[in-house]
Structures are given as C-alpha cells and as structure tokens.
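**Student:** Dumping the structure here so I can ask a few things about it.
Where a number appears in this text, it was derived from the coordinates with a stated rule and is not lab data. Just so you know, these numbers come straight off a predicted model, no measurement behind them. Methodologically, a virtual Cβ is constructed for each residue, glycine included, from the backbone with ideal geometry; neighbour enumeration extends over all protein chains shown.
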Amino acid sequence: MCAVPSGLDPAVVSGIDARLAGVEADHGVRILWAIESGSRAWGFPSPDSDYDCRFLYVRPRDAYLSLWPERDVIETPLDETYDVSGWDLGKAVRLLVKGNATAVEWLRSPIVYSGDEGFRDRALALAAEVVDREALCRHYLHVAQQQKSRPHTLKRFFYALRPAAALRWLAAHPESAVPPMELRALLREASAEPAVQDAAEELIALKSVTRELGAGEPPAVLTRFVEDELTRAAEREAGRDAAVRSGEQCAAPGGGAGHHGPQHAGTEQGSSRQDAARARADAFFRAELDIWSAG
C-alpha cells in the first residue's frame, strides 16, 4: 500500500524509500508500515517543514528468543530534511495497550510511504479492542495544556488546537479509541461548528505559505473552541478522579463497603480488562510473527 500526495517532493520521497530499504538491509528487519507523522500528516505543514517518517518493523522470530535482545527502536541520521525512525512491533503493541496516542496515530496517518494494508487493518482492530480511552484523553489534554503554557505563537497554537479537536472527537465517539490523525478530519467527524472549521481552514492556508507565522492572536472562534474543549476534558478527568477517590473511601475500613466495595470491584474489573488486553495483544503479536516469518 502507498498513499503519497502529489504535493510531497518526489526527490525527498525517493530518499525516504531509500532509507527504509537501507534499514531493512542493514538491520535484517521487515518494515510492515511506514508513514508520515508530524505537521504534514496532521494537515498543517509549513513550506519548510521537514519530513517525519515513522515505521513499524519485525525481526526474525529467533531474535525475540535471545537473552540479549536488540534495541526496539531504529533511527537513521537526522538532518534538516529527514527525520526517519521506527519502532519494533512489540514496542508498538505494548504502547497500544497503555493507550499511547503516538502508536494509535501512526495507524491512522493519511500519508503512507509503504505498508501492508492487511497488517494495518489487523492492528487497527487490535487498537479498537485494547486502547485505554482514558489514557488517550489524558494525553491529549496534557499536551494541549503544555502548549498553552508556553510563549504564544500562531505555530504553537496548532499544537493545542489539534489535541483539543482530538478530545472533541473522543467525546463525540464514546465507543471508539482510534481518532483520525489529520486536523480537518478530526473537526469534521466531531461535528465542530462550521465557523470553527472555516477558521481552521484559513489558518492552515496561511501556515502553508508562510515560513514563520510568528506571534499573533489566533481567530477568536478557535481560541474559544480550544478553551471549551480543554475545560470539558478537564472536568471529565476530575470527575473520574473523584469517582476513584470515592470508591477508595467506600472500600476503606469503616467505609461501609469493606473488601467488596465499589473500588475493590472496580480494581478487579480494571485488572481483568488489562489481563484481557494483554492476552489479545500477545495473540496479535504471535500471529503477526507467524505471518511475516513465513513470508
């Protein structure tokens, strides 16, 4: 599978393909999925944005039986144009179970340099089953809050806007934990108000032709959107924390619920879900090794 927009520099894309081929030859791995991450895949690149290629790979089965395992990350030389690195599939699967947003996003990138579509679909199915939505929400909330706490620039505003849009999407899709990666898709699928989508489109267009947006105030409608979504997400997180504390009090001696109170039951339920997620992830990883070792 390959999905590379015509707007990407063909010479750079060829350079990425060469790096990926070099990784396979030099490290004896099989690259299953190679995508663009960063501002190009998020949908708001600048003219001077570098290329952030990320990939998932597997080693031969025997490598996973060694007492001295290889690193689970492969990096290529970093320069002003290329940022190409990847994760071992085992690392990615473990992070999926923990609700790692990066691992989820790589599976939803709209820019694919190379990859097996069947693998992508199986990995997405795994993510839908095992990703911890609460961990994902916390990630996006904290990323946006961190960006807002730094000196304001229009460029940095995008790095608060996209997590806010992801939070809106997750709230609008309570049964899903695999949001799209691209900003426009997040806003559209979360049914953001037309004024928000239009303002975002205008700011994206400005960033696409400006090397340095610099300081300045983002459109008021987008500022309100970010503030509202972060406030709602913070309230949801506070509510979850309060429920946990309440359960702990009920489960404490003299709390009326004893060993079988809500917190104890919730802990058992959470442990059971985690065990099931790990078992599912193990089965997925072993099945993929069977497929790619045979191939």
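**Student:** How far is it, in nm, from the label point at ALA242 to the one at VAL221 when both lie 7 Å from their Cα along the line to the Cβ?
**Tutor:** Taking the two extended label points, one gets 3.3 nm.
**Student:** Further question: With +1 on each Lys and Arg Cβ and -1 on each Asp and Glu Cβ, and nothing else charged, work out how big the dipole of the stretch 1-136 is about its Cα centre, in Debye to the nearest 20.
**Tutor:** Dipole size: approximately 520 debye.
**Student:** If you place +1 on the Cβ of every Lys and Arg, -1 on the Cβ of every Asp and Glu, and leave all else neutral, what size is the dipole of the chain about its Cα centre, to the nearest 20 Debye?
**Tutor:** 620
**Student:** Over the Cα atoms of the stretch 61-180, how large are the radius of gyration and the largest Cα-Cα distance (Dmax), in Å?
**Tutor:** Taking only Cα atoms of the stretch 61-180, I get Rg and Dmax of 16.5, 50 Å.
**Student:** Name the long-range amide H neighbours of ALA190: under 5 Å, sequence gap of 5 or more, or other chain; modelled H, no Pro or chain starts.
**Tutor:** none
**Student:** Compute the distribution of all C-alpha to C-alpha distances in the chain, in bins of 5 Å from 0, and list the percent of pairs in each, rounded to whole numbers.
**Tutor:** All Cα pairs considered, the percentages come to 1, 5, 10, 13, 15, 15, 13, 11, 8, 5, 3, 1, 0, 0.
**Student:** So if I take the centroid of the Cα atoms in the stretch 185-225 and the same for the stretch 1-45, what is the distance between those two points in Å?
**Tutor:** Cα centres, the stretch 185-225 to the stretch 1-45: 27 Å.
**Student:** Then there is this: What list of ³J(HN,Hα) values in whole Hz, one per residue of the stretch 189-199 in order, does the Karplus curve 6.51 cos²θ - 1.76 cosθ + 1.60 (θ = phi - 60°) give from phi, with Gly and Pro shown as x?
**Tutor:** 6, 8, 6, 4, 4, x, 5, 5, 5, 5, 5
**Student:** On to the next question. Expressed as a rounded percentage, what relative contact order does the chain have, with Cα pairs under 8 Å and six or more residues apart?
**Tutor:** For the chain, the relative contact order is 19 percent.
**Student:** If packing is taken as the average number of other Cβ atoms within 10 Å across a peptide's residues, how do 90-97, 276-283 rank, most packed first?
**Tutor:** 90-97, 276-283
**Student:** First select every other residue whose beta carbon is under 9 angstrom from the beta carbon of TYR57; then total the charges, Lys and Arg +1, Asp and Glu -1.
**Tutor:** My count for the surroundings of TYR57 gives 0.
**Student:** Could you rank the peptides 46-52, 21-27 by their average count of other C-beta atoms within 10 Å per residue, with the highest value first?
**Tutor:** The most tightly packed comes first, giving 46-52, 21-27.
**Student:** Let me ask another. Please state the relative contact order of the stretch 133-251 as a whole percent: Cα pairs under 8 Å, 6+ residues apart?
**Tutor:** 31
**Student:** Pairwise over distinct Cα atoms, reciprocal of the mean inverse distance: report the Kirkwood radius of the stretch 153-240 in Å, one decimal place.
**Tutor:** One over the average 1/r among Cα pairs gives 13.5 Å for the stretch 153-240.
**Student:** Going by amide H atoms built from the backbone, whose H comes under 5 Å of the H on LEU32, apart from near neighbours?
**Tutor:** LEU56, TYR57, VAL58
**Student:** Given N residues in the stretch 2-79, what is its alpha carbon radius of gyration divided by 2.2 N^0.38 Å?
**Tutor:** My calculation over the Cα atoms of the stretch 2-79 gives 1.27.
**Student:** Need the full-extension length gain, TRP68 to ALA18, defined as separation in residues times 0.36 nm minus the C-alpha distance. One decimal, nm.
**Tutor:** 15.1 nm
**Student:** Another one. Add +1 for every Lys or Arg and -1 for every Asp or Glu among the other residues with Cβ under 12 Å from the Cβ of GLU24, and state the total.
**Tutor:** Within the 12 Å Cβ shell, the charges total +1.
**Student:** For the stretch 147-189, restrict the atom set to alpha-carbon positions and state the Rg and Dmax in Å.
**Tutor:** 11.5, 36
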